[in-house]
Amino acid sequence: MHWTTLHWQGDALTGQFQILDQTLLPEQERMIDLTNVDDVWVAIKALKVRGAPAIGCAAAYGAVVGARSGEVSSVSAIRESLLQTAAYLATSRPTAVNLFWALDRMTRCANGYIGSDPTDFLACLLAEAHSIRNEDDAMCHAIGLHGAALLGDRTGVLTHCNAGGLATSDYGTALAVIYAAHESGKQIKVFADETRPLLQGARLTAWELSRRGVPVTVICDNMAAVVMREGKVQAVVVGADRIASNGDTANKIGTYGVALLAKAHGIPFYVAAPSSTFDMTLEDGSGIPIEERSADEITHGFGRMTVPAGVSVYNPAFDVTPAELISGLITEKGVISPVNSMNVKAMIEGGFSTNQDS
Ligand code: MRU
């Protein structure tokens, strides 16, 4: 049975924005209404909706929620509410560039509207949010096809965190590659790192792969080296939160370690991401802002005290994998390989394949 990660039901003025609350998975599958801008901000911050492309889609719909939250009798009042909402939602999480990309699109849509009918203006804003969601879905399917071609039959694939349908509009990025390979008849077996501290791999990746009928085995993060050494992994595929113009990639904390392990075992390490995840303003990964999250996630994970009181902890939510450890960046436009500034620029800004390996 399929699920809905996020959706908008109805028209712009009276419709409802709903998400699947991912903090409750895998125990409970519950859709919740985000009725005001604070609900949207908290949902993003608390990871009820998470994963870079899904955060972007949620922010776009959140902008519509905000646009209609004040005076709706004039275009200028609605525009003002939208601009305030965009500035506020931009403070929710710093690393995934899709958040800022989507808010920028909504802002440009609002500023570019030349009509005077408030109802039509709100409808245009909702149409832009739907476009962001639908384009994400199309990009994810294209990523799946490009990436599946890189995987052979009977392949063990290790992934970290959740870069699946739960992290996007529906089909995923890293998991799109796996879904497309599986759908084409290849036998793919997935090893999902549990992904401390919030267990996105164990709770979410294992949940959605099982839902879609893909064999999955959950391992603790510290087991990846052994699984690789045992010859069970032929490729690593992960997602991304922000990719700098030289290919350096921010993704869930622990990804860098997995990339080093893959290198040590001679296993290709791929990053799958749509062009909305590239930040071409950054020369390299050193400029990517890394979110630091609350110590509670480590000291009291899932309600149980696991660190003695008073002990300090460090909780960066993401790390940066240098481009030289990445075998290929799988985008909707094609595969970037080798990963360097010239090839990233050609693919992302040029829009046609410069892939030298296929
Ligand atoms: O903190 P999260 O759960 O939002 O982190 C998500 C990730 O790191 C994903 O791998 C990334 O956003 C890619 S999602 C297609």
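The values are calculated or read from the model by the stated rules, or taken from the named source; none is laboratory data. Predicted model only: the values in this text are computed from it and were never measured. Glycine also receives a Cβ, built like all others from the backbone with ideal geometry; neighbour counts cover every protein chain displayed. SASA here: full protein model, heavy atoms, side chains in, ligands and nucleic acids out. Shrake-Rupley method; radii C 1.70, N 1.55, O 1.52, S 1.80 Å.
Taking the simple approach of a point 7 Å from Cα along Cα-to-Cβ for both N340 and V313, what is their distance in nm?
Result: 4.2 nm between the two label points.
When ranked by the protection proxy of mean other Cβ atoms within 10 Å per residue, highest first, what sequence do the peptides 280-291, 160-171, 33-44 form?
Highest mean packing first, the order is 160-171, 33-44, 280-291.
Between S73 and A127, what's the calculated FRET efficiency when r is the beta-carbon distance and R0 is 22 Å? Round to 0.05.
0.60
Run the dipole for the range 6-140 about the Cα centre, Lys and Arg Cβ at +1, Asp and Glu Cβ at -1, nothing else charged, and hand back the magnitude in debye, nearest 20.
Dipole about the Cα centre, nearest 20: 360 debye.
Between T35 and A90, 0.36 nm times their residue separation minus their Cα-Cα distance comes to what?
Contour length minus Cα-Cα distance gives 18.0 nm.
What is the Cα centroid distance between the range 257-294 and the range 69-137, reported in whole angstrom?
That distance is 29 Å.
Would you list, by chain and number, the lysines whose Cα falls below 22 Å from the Cα of K232, excluding same-chain residues fewer than 8 positions away?
K186, K189, K263
Please give, to one decimal in nm, the separation of the simple spin-label points placed at H2 and S116, each 7 Å out from Cα toward the Cβ.
Each label point is offset 7 Å from its Cα along the Cβ direction, giving 4.4 nm.
Of A86, T23, Q234, which is farthest towards the positive pole of the chain's charge dipole, taken about the Cα centre with +1 and -1 on the beta-carbons of Lys, Arg and Asp, Glu respectively?
Q234
Counting Lys and Arg as +1 and Asp and Glu as -1, each charge on the Cβ, what is the dipole of the chain about the Cα centre in debye, to the nearest 20?
Here the size comes out at about 800 debye.
With a probe of 1.4 Å, find how much accessible area the chain has per residue, and write the answer as a whole number in Å².
With the other protein chains kept in place, the chain gives 40 Å² per residue.
For the range 137-142, take each phi angle, set θ = phi - 60°, evaluate the Karplus expression 6.51 cos²θ - 1.76 cosθ + 1.60, and give the result in whole Hz per residue in order, putting x for glycine and proline.
4, 5, 4, 4, 5, 5
Could you order the peptides 49-57, 247-255 from most to least packed, using the average number of other C-beta atoms within 10 Å per residue?
The densest-packed peptide leads the list: 49-57, 247-255.
Please say if the range 150-348 is rounded, prolate or oblate, where rounded means a/c under 1.5 for a ≥ b ≥ c the square roots of the C-alpha gyration tensor eigenvalues, and otherwise the choice is prolate for a/b larger than b/c and oblate otherwise?
It is oblate, given that a/c is not under 1.5 and a/b is not larger than b/c.
What residue among H300, H141, H182 shows peak mean-square fluctuation when the chain is described by a Gaussian network model with Cα springs under 10 Å?
H300
Assuming 0.36 nm per residue, please report the length gained on full extension of the stretch A264 to E297 beyond their Cα-Cα distance.
8.8 nm
At 1.4 Å probe size, with the rest of the protein present, what percent of the exposed accessible area of the chain is carbon and sulfur atoms?
Ligands and nucleic acids excluded, carbon and sulfur reach 54 percent.
Along the range 19-36, what does the Karplus equation 6.51 cos²θ - 1.76 cosθ + 1.60 (θ = phi - 60°) give for ³J(HN,Hα), rounded to whole Hz, x for Gly and Pro?
Result, rounded to whole Hz: 10, 7, 6, 6, 5, 8, 6, x, 6, 10, 10, 10, 7, 10, 7, 9, 8, 9.
Would you mind calculating the gained length between S184 and V226 on full extension (0.36 nm times residue separation, minus the Cα-Cα distance), in nm to one decimal?
12.2 nm
Counting only DSSP beta bridges with both residues in the chain, tell me the antiparallel percent, nearest 5.
The antiparallel proportion sits near 45 percent.
I'd like to know which of P53, P268, V313 lies farthest towards the positive end of the charge dipole of the chain, counting +1 on Cβ of Lys and Arg and -1 on Cβ of Asp and Glu.
Result: P268.
List the residues whose amide H sits under 5 Å from the amide H of T95, counting only those 5 or more places along or on another chain, with H placed 1.01 Å from N in the peptide plane.
Answer set, sorted by chain and number: E291.
Any idea what the dipole of the range 277-345 comes to, in debye rounded to 20, about its Cα centre with Lys/Arg Cβ at +1 and Asp/Glu Cβ at -1?
In total the dipole reaches around 160 debye.
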